[in-house]
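Novice: Mind having a look at this structure? Questions to follow.
The values are calculated or read from the model by the stated rules, or taken from the named source; none is laboratory data. Quick caveat: nothing in here was measured; it's all calculated off a predicted structure. Neighbour counts run over all protein chains shown; Cβ positions are idealised from the backbone, glycine included.
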Amino acid sequence: MDRLNTTILSEKEISTAAQLLRQGNLVGLPTETVYGLAANGLDTNAVEQIFLAKGRPADNPLILHVADATWISRYCLEQSEDVQRLTDVFWPGALTLILQRRDNVPDLVTAGLDTVGVRCPNHPLALSLLKEVNVPLAAPSGNTSGRPSPTSAIEMYQDMEGKIPAILDGGPCDVGVESTILDVRGEPRILRVGGISVEDIERVLGKPVALDPALDSKVENLVPLAPGMKYRHYAPEAPVTVVLGEKSHKWILEHMKDGDGVLCFEEYRDLFSHGVTRTIGKEKDYTTQAQQVFSALRFFDSTDVPRIFTQCPPPEGLGRAVASRLKKAAGFQVVDSEQQLPFTVLGITGQTGAGKTTVLQAVEALGGAVIDCDVLYWSLLQEDKNLIAALVEEFGAITTDDGAIDRKKLGNQVFTDGKKLLKLNEITHPVVCEKVKELISTMEHAVTTLVAIDAIALAESGLHALCDHVIAVVAPESERISRIVARDGISEEYAMQRMKAQKSEEFFRECGNTVLENRDSSKEEFFQKAYDILKNKIIKENDYV
Ligand code: TXA
Ligand code: MG
């Protein structure tokens, strides 16, 4: 294709746009939903240019844009009462109707289907242009295939510069997401959610309307009835994760790293100042969200964020269309911030010798399962090839002959050097965290009420984020020391040294939702105390028994 000089035309140059269309050229068409890439819909050669300019697969049909509802009968057969009702209320507007087509509609427009999509756009320039050319305009969204749809002339220019002669500038789009597509041949069925809400359509028709089951799922076995819905869409370059639910902001904070991209509601903007943040309107303001969602997705391509987390509105009103665009952009990588596991996840932390083991015994006595992070950590140092490689790169020759990490060699380096210890934690904590998450997810069907994560570094490692409740176990220093001496057979002096390397009692107290004091009591007494608290406070509190 020859490179063209792409002009942005103003309102006053509408007849230039009409002329170009009559001559079989493509023109950027402003509509209230998104900008379209328009051609004379009855001119096969012109329509062919659309597929070339967009890089659009030929099996994906185009919508015919018409000037008013009287044009429907020119291109479609039989009209039901539903069609009349819908066009009376919603046209001109963001509703595309799928109807049986007449033979005068080129096969290329319908991708060989015996149906055609028709829509009357609610934009003064589009309507004037349609009346002036007096032919239906075939127009998909004006983006390069796979990219977010353009909602301004300049966004369309970014994608189409050099490929089309002109874009008619009609200002930013009022709606911001594409039309709702409704198959009205038999019982009405929604093939794409969009600018007119499902609720509004049901109100006008006075009956419930089915949604194409392929709409809300990762398309695997389901073939969507609107062919375009099967393609990956709207996607920025960085991978997107959609985070659902009321705790989405917390989930994102816990999972994001500095410099990650965050797409959030305005109310939460300040929470994510350590990320590259873009807002899409207030949490309940679906109208603004729809207007901004595509520009926001485009924005991240002008940054170098490695990944993007996004909040997402619920499926109501226009929120449903926004959510559908976000999920598509994420390739259906969706997590639920409120996912409820069938058991309480309990974190247990505290200094060495404080009595954590006794609390864990109480957990087991109550039928709970225990994840011992110290054991996990050391087994990862033996087996996890990637982790071992990362540690060797950082600390040098610290492996044994069979390639595992040598505890002593590693210990010698980090115990005397605070900076090295931090580095070690930086490398190992995420690996332990991932492993614990994996273990918990494999337990999802376990018959238990309680899973306890036992970790001294529960807070620093981020493991606390997985917990419903954290117990901090504290005990006087003298008691802790005599316990370690007896347990590990080491000198009091060495025990003191180990203590010093750990965080203060105060630190642990602050980590816990519950602080369990282990003072002046026998092992049996402390066990009973822990058992009672677990049984009466922790498990009961979470309603699992
Ligand atoms: O708001 C809109 O609808 C915008 C503006 C420009 O009007 N247009 C638009 O077109 O979004 P496009 O081509 O990007 O999306 C049209 C969708 C595609 O998923 C396509 O597969 C589906 O409509 N479609 C078109 N004709 C169809 C038909 N006869 N049966 C089923 N689905 C159809
Ligand atoms: Mg499109």
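Novice: Based on this model, can you work out whether Ile308 counts as crowded, with 24+ Cβ neighbours inside 10 Å, closer than 20 Å to Glu155 by Cβ, modelled with pLDDT under 95 and of a type outside the set (Gly, Ala, Ser)?
Specialist: yes
Novice: Hey, does the stretch 497-506 have a residue that's hydrophobic (A, V, I, L, M, F, W, C) and under 30 Å from Lys419 (Cα atoms)?
Specialist: Yes, the stretch 497-506 contains at least one residue that is hydrophobic (A, V, I, L, M, F, W, C) and under 30 Å from Lys419 (Cα atoms).
Novice: Among all residue pairs at least 6 apart or on different chains, which show Cβ distances below 7 Å where the first residue, located in the stretch 157-184, is without any contact (Cβ under 8 Å) to a residue 60 or more places away in the chain and the second is of a type outside the set (Gly, Ala, Ser) and within 16 Å of ligand 2 (Cβ to nearest atom)?
Specialist: Asp159/Asn143; Asp159/Thr144; Asp159/Arg147; Asp159/Pro150
To keep it simple, each residue is scored yes or no on (1) among the aliphatic types (A, V, I, L, M); (2) within 22 Å of Gly194 (Cα to Cα); (3) touching an Asp or Glu at 6+ places or on another chain (Cβ under 9 Å).
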residue: Gly55; (1), (2), (3): no, no, no
residue: His65; (1), (2), (3): no, yes, no
residue: Trp71; (1), (2), (3): no, no, no
residue: Arg74; (1), (2), (3): no, no, no
residue: Arg102; (1), (2), (3): no, no, no
residue: Pro121; (1), (2), (3): no, yes, yes
residue: Val133; (1), (2), (3): yes, no, no
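Novice: Does Ile181 meet the test of being within 14 Å of Ser141 (Cα to Cα), within 11 Å of ligand 1 (Cβ to nearest atom), buried (at least 22 other Cβ atoms within 10 Å of the Cβ) and at pLDDT 95 or above? Before the answer, list the steps.
Specialist: Details: within 14 Å of Ser141 (Cα to Cα): yes; within 11 Å of ligand 1 (Cβ to nearest atom): yes; buried (at least 22 other Cβ atoms within 10 Å of the Cβ): yes; at pLDDT 95 or above: yes.
It is true that Ile181 is within 14 Å of Ser141 (Cα to Cα), within 11 Å of ligand 1 (Cβ to nearest atom), buried (at least 22 other Cβ atoms within 10 Å of the Cβ) and at pLDDT 95 or above.
Novice: Could you go through the stretch 74-93 and let me know if any residue there is at pLDDT 95 or above, within 16 Å of ligand 2 (Cβ to nearest atom) and either among the β-branched types (Val, Ile, Thr) or under 26 Å from Asp285 (Cα atoms) (or both).
Specialist: No, every residue in the stretch 74-93 fails to be at pLDDT 95 or above, within 16 Å of ligand 2 (Cβ to nearest atom) and either among the β-branched types (Val, Ile, Thr) or under 26 Å from Asp285 (Cα atoms) (or both).
Novice: Kindly list the number of the only condition in (1) over 16 Å from the mean Cα position of the chain (by Cα); (2) in contact (Cβ under 8 Å) with a residue 60 or more places away in the chain that fails for Ser273.
Specialist: (2)
Novice: Cβ-Cβ under 6 Å, sequence separation 6+ or interchain: first residue in the stretch 379-407 and acidic (Asp, Glu), partner surrounded by fewer than 15 Cβ atoms within 10 Å (Cβ to Cβ). Which pairs?
Specialist: Asp406/Thr400
Novice: Which one is nearest to the chain's Cα centre (by Cα), of the residues in the stretch 101-157 that are basic (Lys, Arg) and within 16 Å of ligand 2 (Cβ to nearest atom)?
Specialist: Arg147
Novice: Being in contact with a Ser or Thr (Cβ under 6 Å, 6 or more places away or on another chain), closer than 14 Å to Gly117 by Cβ and outside any loop (DSSP other than H, G, I, E, B) is the filter here, so list the residues in the stretch 58-81 that pass it.
Specialist: Ile63
Novice: What are the residues in the stretch 158-182 that are assigned to a loop (DSSP other than H, G, I, E, B), hydrophobic (A, V, I, L, M, F, W, C) and under 26 Å from the mean Cα position of the chain (by Cα), if any?
Specialist: The first filter runs over the stretch 158-182 and keeps only residues assigned to a loop (DSSP other than H, G, I, E, B), leaving 161-165, 169-179.
Okay, now just the ones that are also hydrophobic (A, V, I, L, M, F, W, C), so 164, 173, 175, 177.
If the condition is that a residue be assigned to a loop (DSSP other than H, G, I, E, B), hydrophobic (A, V, I, L, M, F, W, C) and under 26 Å from the mean Cα position of the chain (by Cα), then Cys173, Val175, Val177 are the ones that fit.
Novice: Could you tell me which of the residues Gly331, Gly281 is modelled with pLDDT of 95 or more and part of a loop (DSSP other than H, G, I, E, B)?
Specialist: After ruling out the rest, the residue left standing is Gly281.
Novice: Hey, does the stretch 54-67 have a residue that's surrounded by fewer than 23 Cβ atoms within 10 Å (Cβ to Cβ), more than 22 Å from Gly146 (Cβ to Cβ) and away from ligand 2 (no atom under 16 Å from the Cβ)?
Specialist: Looking for residues that are surrounded by fewer than 23 Cβ atoms within 10 Å (Cβ to Cβ), more than 22 Å from Gly146 (Cβ to Cβ) and away from ligand 2 (no atom under 16 Å from the Cβ), one finds at least one in the stretch 54-67, hence yes.
Novice: Looking at (1) in contact (Cβ under 8 Å) with a residue 24 or more places away in the chain; (2) buried (at least 17 other Cβ atoms within 10 Å of the Cβ); (3) within 24 Å of Gln351 (Cβ to Cβ), which one does Lys420 not meet, given that it meets all the others?
Specialist: (2)
Novice: To continue, here is another question. Please go through the stretch 368-402 and pick out each residue that is surrounded by 12 or more Cβ atoms within 10 Å (Cβ to Cβ), of a type in the set (Gly, Ala, Ser) and in a loop (DSSP other than H, G, I, E, B).
Specialist: Passing the criteria: only Gly368.
Novice: Shifting gears a bit: So in the stretch 342-360, with the set limited to residues that are among the hydroxyl-bearing types (Ser, Thr, Tyr) and closer than 18 Å to Glu506 by Cβ, which one is surrounded by the most Cβ atoms within 10 Å (Cβ to Cβ)? Full working, then the answer.
Specialist: Let us first name the residues in the stretch 342-360 that are among the hydroxyl-bearing types (Ser, Thr, Tyr), namely 344, 349, 352, 357-358.
Checking the rest, the ones that are also closer than 18 Å to Glu506 by Cβ come to 349, 352.
Working: Thr349: 27, Thr352: 17.
Going through the qualifying residues, I end up with Thr349.
Novice: Can you name every one of the strands (runs of 3 or more DSSP E) wholly within the stretch 442-538 that holds 1 or more residues which are farther than 30 Å from Pro342 by Cβ? So that I can check it myself, show each step before the final result.
Specialist: Details: elements: 450-454, 469-474, 514-517.
Fully inside the stretch 442-538 and qualifying: 469-474, 514-517.
Novice: Across the stretch 315-328, which residue is modelled with the lowest pLDDT among those that are buried (at least 16 other Cβ atoms within 10 Å of the Cβ) and among the charged types (D, E, K, R)?
Specialist: Residue satisfying both the conditions and the ranking: Lys328.
Novice: It is to be established whether one or more residues within the stretch 462-476 are more than 40 Å from the chain's Cα centre (by Cα), surrounded by fewer than 16 Cβ atoms within 10 Å (Cβ to Cβ) and farther than 30 Å from Ala389 by Cβ.
Specialist: Scanning the stretch 462-476, I find at least one residue that is more than 40 Å from the chain's Cα centre (by Cα), surrounded by fewer than 16 Cβ atoms within 10 Å (Cβ to Cβ) and farther than 30 Å from Ala389 by Cβ, so the answer is yes.
Novice: Where residues in the stretch 89-148 are closer than 22 Å to Asp169 by Cβ and in a strand (DSSP E or B), which of them is nearest to ligand 1 (Cβ to nearest atom)?
Specialist: Ser141
Novice: If you scan the stretch 149-178, which residues turn out to be within 13 Å of ligand 1 (Cβ to nearest atom) and within 16 Å of Thr287 (Cβ to Cβ)?
Specialist: Matches in the stretch 149-178: Thr151, Cys173, Asp174, Val175, Gly176, Val177, Glu178.
Novice: Read through the list (1) away from ligand 2 (no atom under 16 Å from the Cβ); (2) part of a strand (DSSP E or B), then give the number of the only condition that Arg185 fails.
Specialist: Failing condition for Arg185: (2).
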